[in-house]
Amino acid sequence: MMDDVCIRDLEKDFGGFKAINKLSLRVKRGEIYGLLGPNGAGKTTVIKILCGVLRPSSGEAYVLDMKVPDPSVSSRVGYMPQELALYRGLTVHENLAFYGEVFGLTKAQIDVREQALLKLVDLEASRNRLIDQLSGGMQHRISLACALLHEPQLLFLDEPTVGVDPDLRASFWRYFEGLRDSGITMLITTHYMDEARHCDRIGFMRDGSLIAEGSPQQLLDLTHTDSLEDAFLAYSQTEGPQ
Amino acid sequence: MKVSRAFAVTKRVLRDLKNDRRQLALIFIAPLLVISLFGVAFTGNVKDVRVVVVNGDVVAGNSSLSDKIISNLDTSVLNVAYSNSESDAVAQVQNGSASAVIVFPGHLTQSVAARAAGQTSVAQENITIKLLADKSNPNVSNPIIGAVNTAVAETIEGLGRQAPVSVDSSNAIYGANAQFIDFFAPGIISIAVWQLTTLLTLISFVGERTSGTLSRLLASPLKESELVAGYAFAFGIIGTTQSAVLLTAAVILFNVTIVGDVLLAFGVIALLAIVSEGLGILLSSLARREAQAIQFLPIVVLPAFLLSGVFWPIQAIPAWLRPVSYLLPTTYAVEAVRAVILRGWGLDKIYPDVVVLLIFASVFLVLATLLLRRRE
């Protein structure tokens, strides 16, 4: 079986600025892969290419064995963009119903999924409130629920925990681990180095390229550091051992 | 293209509007205010214009020709005052207290009678009524001239004399009792829909881009064509509703004449709304933020307002500017809606306008779809 995500020599040029430079990586089925790096490292661009929102300049990327962009994979992939991607003038329920209909779910399916997901993110009581009236953390949880609505097999989460308080971040990682245990593959970007220890594997990105890859423990061992932040800095300064 | 997914978008747009009461109110109240203001302030009829009569035509008794003409002047337009000297009357126009002077020559009654009896020696100036008007504002001077001409014609007719040639304009082909508001109400309604739809689509789409919802949709099974079609359905519905409210208001408040098929007029307006929606999506790619989007407002609204025949006909626009009028979809919509409402024309007569609107709609919708499909 091929890996759920397979990127080979990917490059993305934005009018002379190389956002991604010869990037290759693989995400195995059922793992949480963390893409780490500072702002501007190219993490969001990678996710957008994998979701078919951007087109690669060169190289190739496969998602669920299909070369992207390919509309046929969209129904099996969930995407949580960095911006919350919710309609602020609609209620929680109206947002979920809209995305459900876009993914072709029936009304009955939407009802069942909505109940389960609102329970998961602990927002059952907010079903009929406008997004605008929710706190930032609540909006994050609804955004995640929208990405999970159609039971995707593969999830792309772009900075899902940015601007989220520590309590909620911890519960997000509990959701993610739960999802992984149910067989869902996840590619998560973050610039919070410490939370990446929850990932099965990590890729350090800088200036559009991968500078190191491995399990959190491997990366700590190789750099003789005791935090991923220090490990990243070690690689970042030396252009480290690949 | 899957209709159910397009309808999901339609429902989403309508719900957004339903939840936003303030926006909803603005959609209806702003154009209502505009149509009321224009209707009240801009009826096109001048009233109570002061004219000064200098009457040299005095005949014993009161059977002078000048008195008959004066009694035939339309007093709803003219407010008649008298003066004994022409120079004093002219001074009143010069200081702004009157708008025109009517001078009846001495012995007008006798001279006209003599001329009628075949005496060719009567001097022309003895049978000429002088009308000295302040013509700096044609909106005022033209009704004065019209009122005086009408009064003279009626008086001569009343004397049982036949004018050598006469023009009878009392039987209208269309718009027998049309007022100025009848002429511009269909135009204002079309422009209101054009403005609202373009602006709302523009702002919604800039919002879709900045809030990330567009990214989520592009990564979903929703096709770009379904997104564009969904918005088109929604704004077709919103445009029709808006125009229905405005037309009802125009009928109730200003007694606007409707002789044609209202549903056909709404159909044309819905088509215009779809054209505007396509334009809004296209313009949204040029704006990064909502604040920039708002700045498109004058570019979208002003040419349509001034050049598509809302207040004056296309023929009144300078020839070199007329091509711009013909590039504006509103020109065709205004013309078609007006023809339906005022003249009662059917699709068999307005189809050229409808075809042009259909072409605009297809081109804009296809371009909007291609624009969304284009991936960086």
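Assuming 1.002 mPa s and 20 °C, estimate D for chain A with Stokes-Einstein, Rh taken as the Kirkwood radius over Cα pairs, in µm²/s.
Value of D from the Cα-based Kirkwood radius: 116 µm²/s.
Using just the Cα positions, wrap region A:91-184 in a convex hull and report its mean projected area in square nanometres, one decimal place.
Values: hull surface 23.2 nm².
Reported value for the Cα convex hull: 5.8 nm².
For chain B, what is one quarter of the convex hull surface built on the Cα atoms, given in nm²?
So the Cα hull casts an average projection of 24.9 nm².
For the protein assembly as shown, a Kirkwood radius taken over Cα pairs fed into Stokes-Einstein (25 °C, viscosity 0.890 mPa s) yields D = 82 µm²/s.
Semi-axes of the equivalent ellipsoid for region B:106-150, please: Cα gyration tensor eigenvalues, times 5, square-rooted, ordered largest first, whole Å.
Gyration-tensor ellipsoid for region B:106-150: 29, 10, 7 Å.
Split chain B at each of the chymotrypsin sites (Phe, Trp or Tyr not before Pro) in a DSSP loop with at most 15 other beta carbon atoms within 10 Å, and the longest piece is B:175-319. What's the angle, to the nearest 10 degrees (0 to 90), between helix A:166-181's Cα axis and the longest principal axis of chain A? Here the helix axis deviates by roughly 90 degrees.
Just to be sure I understand: of the beta bridges DSSP finds with both ends in chain A, what percent are antiparallel, rounded to 5?
Values: 20 of 38 bridges.
Counting only bridges with both partners in chain A, antiparallel ones make up about 55 percent.
Under the criterion of Cα pairs below 8 Å and six or more residues apart, the relative contact order for chain A equals 26 percent. In order along region A:141-156, the phi-based Karplus estimate (6.51 cos²θ - 1.76 cosθ + 1.60, θ = phi - 60°) of 3J(HN,Hα) comes to 5, 5, 4, 5, 4, 4, 6, 9, 3, 9, 6, x, 8, 9, 10, 10 Hz; Gly and Pro are listed as x. Taking Cβ atoms as reference points and 15 Å as the exclusive limit, the residues near residue B:179 contribute a net charge of +1, counting Lys and Arg as +1 and Asp and Glu as -1.
Each other residue within a Cβ distance under 15 Å of residue B:153 adds +1 if Lys or Arg and -1 if Asp or Glu, for a net charge of -2. Taking every C-alpha pair closer than 8 Å and separated by at least 6 residues, the mean separation divided by the residue count of chain B gives a relative contact order of 20 percent. Please state the shape class of region B:94-191: rounded when a/c is under 1.5, otherwise prolate if a/b exceeds b/c and oblate if not, all from the C-alpha gyration tensor. In terms of gyration-tensor shape, oblate.
Take the cross-link list A:43/B:11; A:48/B:11; B:2/B:349 and give me the ones stretching past 29 Å between alpha-carbons. With Cα atoms farther than 29 Å apart: A:43/B:11; B:2/B:349.
Please say if region B:228-336 is rounded, prolate or oblate, where rounded means a/c under 1.5 for a ≥ b ≥ c the square roots of the C-alpha gyration tensor eigenvalues, and otherwise the choice is prolate for a/b larger than b/c and oblate otherwise? It is oblate, given that a/c is not under 1.5 and a/b is not larger than b/c. With contacts taken as Cα pairs under 8 Å at a separation of at least 6 residues, region B:164-274 carries a relative contact order of 42 percent.
Which of the DSSP-defined H helices in chain B satisfy a minimum axial length of 30 Å, computed from C-alpha atoms, and a minimum mean Kyte-Doolittle hydropathy of -0.5? Intermediate values should be presented prior to the final figure.
Numbers: long enough: B:180-210 (45 Å, 1.23); B:224-254 (44 Å, 1.41); B:262-284 (32 Å, 2.37); B:347-373 (38 Å, 1.84).
Once both thresholds are applied, what remains is B:180-210, B:224-254, B:262-284, B:347-373.
Going by the alpha-carbon gyration tensor, a ≥ b ≥ c the square roots of its eigenvalues, is region A:1-131 rounded (a/c under 1.5) or, if a/c is not under 1.5, prolate (a/b greater than b/c) versus oblate? The shape class here is prolate.
The mean of 1/r over all pairs of different alpha-carbon atoms in region B:167-288, once inverted, gives a Kirkwood hydrodynamic radius of 16.3 Å. For region B:209-275, the pair-distance distribution built from all alpha carbon pairs, in bins 5 Å wide starting at 0, is 4, 15, 18, 16, 13, 10, 8, 6, 6, 3, 0 percent.
Where Lys and Arg each count +1 and Asp and Glu each count -1, what net charge lies around residue B:226 among other residues with Cβ under 9 Å from its Cβ? Present the calculation step by step, with values, prior to reporting the outcome.
Numbers: positive: B:2, B:5, B:223; negative: B:224.
After counting each charged neighbour, the total is +2.
Each value in this text was obtained by applying a stated rule to the coordinates, not by laboratory testing. What you are looking at is a predicted structure, and each value in this text was computed from that prediction instead of being measured. Cβ coordinates were reconstructed from backbone atoms using ideal geometry, including for glycine residues, and neighbour counts include every protein chain displayed.
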